[in-house]
1. Residue pairs, Cβ under 8 Å, 6 or more apart or interchain, first in segment 1-18 and aliphatic (A, V, I, L, M), second loosely packed, with under 15 Cβ neighbours inside 10 Å and assigned to a loop (DSSP other than H, G, I, E, B). List them.
2. Suppose we filter segment 27-56 for residues that are over 16 Å from the mean Cα position of the chain (by Cα) and in contact (Cβ under 8 Å) with a residue 12 or more places away in the chain; how many remain?
3. Can you name the condition, by its number, that I124 falls short on among (1) loosely packed, with under 13 Cβ neighbours inside 10 Å; (2) within 20 Å of L20 (Cβ to Cβ)?
4. I'd like to verify a number: residues in segment 37-95 that are hydroxyl-bearing (S, T, Y), under 30 Å from G132 (Cβ atoms) and surrounded by 15 or more Cβ atoms within 10 Å (Cβ to Cβ), how many?
5. Among the candidates K125, K53, single out the residue that is modelled with pLDDT under 95 and charged (D, E, K, R).
6. All but one of (1) surrounded by 13 or more Cβ atoms within 10 Å (Cβ to Cβ); (2) touching a helix residue (DSSP H, G or I) at 6+ places or on another chain (Cβ under 8 Å) hold for K99; which doesn't?
7. Please indicate, with yes or no, whether at least one residue in segment 63-85 is part of a loop (DSSP other than H, G, I, E, B), at pLDDT 95 or above and not small (G, A, S).
8. I need the strands (runs of 3 or more DSSP E) fully contained in segment 1-59, keeping only those with at least 3 residues that are of a type outside the set (V, I, T).
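The values are calculated or read from the model by the stated rules, or taken from the named source; none is laboratory data. The shown structure was predicted, so the numbers you read here are calculated from the model rather than taken from an experiment. Virtual Cβ from ideal backbone geometry, glycine too; neighbours counted across all protein chains shown.
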Amino acid sequence: MEKPNKRIIDFIKEHHVLTLATSKDNKAYCANCFYTYIEDENVFVFTSDMETKHAQDATENNYVAASIVLETKTVGKIQGIQLTGKMYQPDTELLKKAKKAYLKTFPYAALMKTTLWILKPKFIKMTHNTLGFGKKLTWGNIE
């Protein structure tokens, strides 16, 4: 699958907090997570302890949604992305790469005991009003 549009990638890289939405037993939950993005893998990396509700939810239903937004009251400046994908703990090679990327972005995380997670997007929709009112850029397929 081709890479997301450069504008989508640039927006992702300009921010560092995503709102993660999980669901278990038909009950939704959301959490805010600090993330870094590995462009060549097209994955978000974030940390979360196994005791959190969203981590527990994802171990049973790893299909998740997330959003990243630019807070503004100016309609012409509205930008944000909504995405769906799979959340999982990375294995050996990706774990090394994810840890390196996360600690480069958030060096203080080296002092914390936490678990790294990956969010691999399957679909991304970006609203980008600076390109025209209601302009949408999409990547991938919604499942």
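1. Hits for this filter: I9/K3; I9/E39.
2. Start the filter on segment 27-56 by keeping residues that are over 16 Å from the mean Cα position of the chain (by Cα), which leaves 27-28, 49-53, 56.
Subset that is in contact (Cβ under 8 Å) with a residue 12 or more places away in the chain: 49-50, 52-53, 56.
Residues in segment 27-56 being over 16 Å from the mean Cα position of the chain (by Cα) and in contact (Cβ under 8 Å) with a residue 12 or more places away in the chain: 5 in total.
3. Unmet condition: (1).
4. Residues of segment 37-95 hydroxyl-bearing (S, T, Y): 37, 47-48, 52, 59, 63, 67, 72, 74, 84, 88, 92.
Keeping just the survivors that are under 30 Å from G132 (Cβ atoms) gives 37, 67, 72, 74, 84.
Now restrict to residues that are surrounded by 15 or more Cβ atoms within 10 Å (Cβ to Cβ): 37, 84.
Residues meeting the conditions: 2.
5. On the way: K53 fails: modelled with pLDDT under 95.
Of the residues listed, the single one that is modelled with pLDDT under 95 and charged (D, E, K, R) is K125.
6. Just one mismatch for K99, condition (2).
7. In the first step, residues of segment 63-85 are kept if they are part of a loop (DSSP other than H, G, I, E, B); the result is 70-74, 78.
Filter once more, keeping what is at pLDDT 95 or above: none.
No - not one qualifying residue is present in segment 63-85.
8. Values: elements: 17-24, 27-38, 43-47.
Answer list for segment 1-59: 17-24, 27-38.
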